[in-house]
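Below: the structure, in structure tokens.
The values are calculated or read from the model by the stated rules, or taken from the named source; none is laboratory data. These numbers were taken from a predicted model, which means no experiment stands behind them. Cβ sites come from the backbone with ideal geometry, for glycine too, and all protein chains shown count toward neighbours.
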Amino acid sequence: MKIRELAEQWEQNAKGRLTETAYAIHLDVEAAARLAAIAEMYPKRTPEELLGELIGAALEELEASFPYVRGQHVVATDEEGNPLYEDVGPTPRFLELSRRHLQEISDREAL
């Protein structure tokens, strides 16, 4: 989800699955003022919900911004028969680590 799509979702008051782990962060004054403004604009959401969704959207955008680095191995072909090479940039590592941590968190919270 892109950050610009969050306001639309906030209007609909959607809820997602939350982890039991809590995170404490300190915001700089400007970010705290912006968060207070968003919380006032969308009073159905708590500041914590807004922060969680903003962080989630920012992480998705970060993942999308990782550069593609062409590897040597062909992993598929496109519709025109052109080879598609593996990505040896940061994206595969990020996805692998994300899946591993998601599994660990899911296992921990299932107990």
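Using the structure shown, decide if residue 80 is touching a His at 6+ places or on another chain (Cβ under 6 Å) and farther than 23 Å from residue 2 by Cα.
Taking the combined requirement at face value, the residue does not satisfy it.
Would you pick out the residues in region 1-38 that are within 16 Å of the chain's Cα centre (by Cα) and modelled with pLDDT of 85 or more?
Hit for region 1-38 is 23, nothing else.
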